Amino acid sequence: MDKGFKFISECIDLNHDGLGVFKINDMTVFASNALVGEKCQLEIEKVNSNYCTAKVIKTLNSSPNRVKPICKHFMDCGGCDIMHLNYQSQLAFKEKMGIETLKRIGHIQNVNSLGIVGMKNPYYYRNKVQVPFSKINNKTICGFYRKNTHFIIPFDECYIQTNESNDIIKFIKNLANEYHIDGYVENNKQGILRHVLIRKNCQEEYMIILVVKRDQLNNEKEIVEKIIKRYPYVKSILINVQEKDSNVILGEKTRIIYGKDELIDDILGYKFVLSHKSFFQVNHEQTENLYKIVREFADLKESDILLDAYCGVGTIGITLSKFCQKVYGIEIVPQAIANAKENSKINNVNNIEFYLGAAEEVIQKLDVHFNCAVFDPPRKGCDQVFLNTIMNKNIDKLVYVSCNVATLARDLNILSEKYEIKKLKFVDMFPHSADVETVCLLAKLN
Ligand SMILES: C[S@@+](CC[C@H](N)C(=O)[O-])C[C@H]1O[C@@H](n2cnc3c(N)ncnc32)[C@H](O)[C@@H]1O
């Protein structure tokens with residue numbers, strides 16, 4: 001099969017990225033903007049050794065589950081994957097994809113899912129956005145990366161972030177043009193402003209982080225004054241310097257130009273201080289639902305000793321602290337651990353201790369018998385040393401929280417030597433993307 005080859009075929013499935021799956025002559029072909037049951041005319045764009053990618057030229061019959069995406073940039077932007085699928089079908093797709101991945105990668109035969117928790121209104125949910133800036137035709141622009149590229153598509157509005165965030169971003173872009181602050185151009189490494197990050201809490205207070213190539217922002221004072229005059233709910237503005245040419249957005253150096261490096265959010269009745277570098281779940285409503293499931297699965301007793309590994313600013317451990325005797329939290333980011341310690345103080349939680357370091361190293365030094373361990377690692381999953389140490393510690397039950405079902409499946413396969421899956425539930429933390437959050441309860445094998 002060659003590039004440019006045209007054919008008609010029916011979409012038989014969606015893959016883990018939300019791409020339509022087609023078969024022709026035993027070759028698998030992936031194409032965006034196709035739904036199961038739709039007959040499409042396709043044109044091959046790229047030929048790989050065991051699959052091809054194609055573009056849909058024409059859809060010959062529309063799926064009953066297809067909807068017109070609310071966002072006009074959906075087809076180009078790399079932010080959302082399945083906005084063309086109605087929300088109920090998005091939820092069904094995520095649960096099915098999660099179960100199939102656990103079977104395929106984790107070799108887990110009987111996956112009994114307790115379902116997926118969706119949102120009442122799956123829009124405007126993100127409390128954190130990061131928008132790339134650049135310069136085109138002598139103007140500073142901002143937008144989102146085109147799917148799988150670093151080409152920026154200017155945007156007017158994004159439907160998964162708040163209207164206020166959309167507005168603040170546009171205002172900063174206009175200020176950048178007014179004060180001749182050039183957006184950073186990756187190709188020739190010219191310009192200053194690389195990204196604008198915005199975080200918000202549930203009281204609708206905002207933090208803005210201007211990520212720059214060099215720490216020289218023209219008219220810094222006027223910019224701060226204009227932002228806070230127009231948006232009084234902006235509580236802090238920071239400058240972060242990223243000199244390196246890498247995909248990592250934030251650099252090491254940060255300077256506060258207004259307010260403090262903190263935002264205080266509320267989760268399940270507890271207050272959480274977070275700084276610009278601390279991880280915090282991006283969807284407030286679904287975070288509360290996720291933590292309620294963790295609480296139910298952990299089913300702690302007053303005498304229990306709990307491990308909260310990969311604890312971030314201490315959210316899971318602190319919300320569970322009143323149900324057990326003692327909690328130990330481990331986290332690798334120093335600012336997050338500083339926030340976690342402060343969070344235990346402001347919530348009057350006295351039965352929790354936090355350790356700074358890699359979970360795989362700290363866990364080996366902790367001479368504690370845990371009754372239950374919760375772990376919520378980043379997308380790459382847990383380190384094998386961490387999993388082996390957990391298995392040697394003979395802990396009765398584990399609650400694994402994951403934002404990447406493929407690495408969860410890999411890790412569950414390792415843990416299956418000593419643990420069996422008791423419960424599994426999905427949470428739609430990222431509506432319109434193909435990702436899903438999973439909570440899994442494991443019990444020690446007899
Ligand atoms: C998905 S977040 C979960 C944080 C927290 N449980 C929450 O719900 O907000 C993963 C966290 O693991 C931390 N992390 C990454 N690698 C780590 C490691 N090797 N050891 C300990 N923490 C790590 C990250 O900094 C991040 O805070």
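General observations
- Residue under evaluation P232, criteria (1) closer than 18 Å to S165 by Cβ; (2) in contact with a strand residue (DSSP E or B) (Cβ under 6 Å, 6 or more places away or on another chain), criterion not met: (2)
- Total residues in region 373-417, condition within 25 Å of the chain's Cα centre (by Cα), more than 14 Å from the ligand (Cβ to nearest atom) and among the β-branched types (V, I, T): 1
- Scanning region 342-357 for residues that are surrounded by fewer than 16 Cβ atoms within 10 Å (Cβ to Cβ) and farther than 22 Å from K301 by Cβ, we see that the one that is farthest from the ligand (Cβ to nearest atom) is K345.
- Test set (1) surrounded by fewer than 19 Cβ atoms within 10 Å (Cβ to Cβ); (2) touching a strand residue (DSSP E or B) at 6+ places or on another chain (Cβ under 7 Å); (3) on the phi < 0 side of the Ramachandran plot - E296 fails condition number: (2)
- Yes/no for Q242 being within 14 Å of the ligand (Cβ to nearest atom) and touching a residue at least 40 places away in the same chain (Cβ under 8 Å): no
- Count - residues of region 314-337 that are near the ligand (Cβ under 8 Å from one of its atoms) and among the hydrophobic types (A, V, I, L, M, F, W, C): 5
- Filtered residue count, region 13-29, keeping only those that are assigned to a loop (DSSP other than H, G, I, E, B) and surrounded by 13 or more Cβ atoms within 10 Å (Cβ to Cβ): 5
- A single member of F430, F426, F370 is closer than 26 Å to E95 by Cβ, away from the ligand (no atom under 11 Å from the Cβ) and assigned to a loop (DSSP other than H, G, I, E, B), and it is F430.
- All conditions in (1) of a type in the set (D, E, K, R); (2) away from the ligand (no atom under 13 Å from the Cβ); (3) closer than 23 Å to Y291 by Cβ hold for E420, with the sole exception of (3).
- Which numbered condition F7 fails, given (1) in a loop (DSSP other than H, G, I, E, B); (2) in contact with a strand residue (DSSP E or B) (Cβ under 7 Å, 6 or more places away or on another chain): (1)
- Some residue of region 85-106 being without any contact (Cβ under 8 Å) to a residue 24 or more places away in the chain, farther than 25 Å from V401 by Cβ and not small (G, A, S): yes
- Answer residue from region 101-112, given it is aliphatic (A, V, I, L, M) and in a loop (DSSP other than H, G, I, E, B) and is nearest to H284 (Cα to Cα) among those: V111
- Selection within region 113-149 - modelled with pLDDT under 90 and in a loop (DSSP other than H, G, I, E, B): K147, N148, T149
- Filtering region 300-313 to residues that are in contact with a helix residue (DSSP H, G or I) (Cβ under 9 Å, 6 or more places away or on another chain), farther than 18 Å from F386 by Cβ and more than 8 Å from the ligand (Cβ to nearest atom) leaves L300, K301, E302, D304.
- Condition broken by K68, with the remaining ones in (1) more than 28 Å from the chain's Cα centre (by Cα); (2) farther than 25 Å from H150 by Cβ; (3) basic (K, R) satisfied: (1)
- Considering residues of region 258-278 that are within 13 Å of the ligand (Cβ to nearest atom) and free of Cβ contacts under 8 Å to residues at least 60 places away in the same chain only, the residue surrounded by the fewest Cβ atoms within 10 Å (Cβ to Cβ): L268
The values are calculated or read from the model by the stated rules, or taken from the named source; none is laboratory data. Because the structure is predicted, anything quoted here is derived from the model rather than measured. Please note: Cβ atoms are built from the backbone with ideal geometry, for glycine as well, and neighbour counts cover all protein chains shown.
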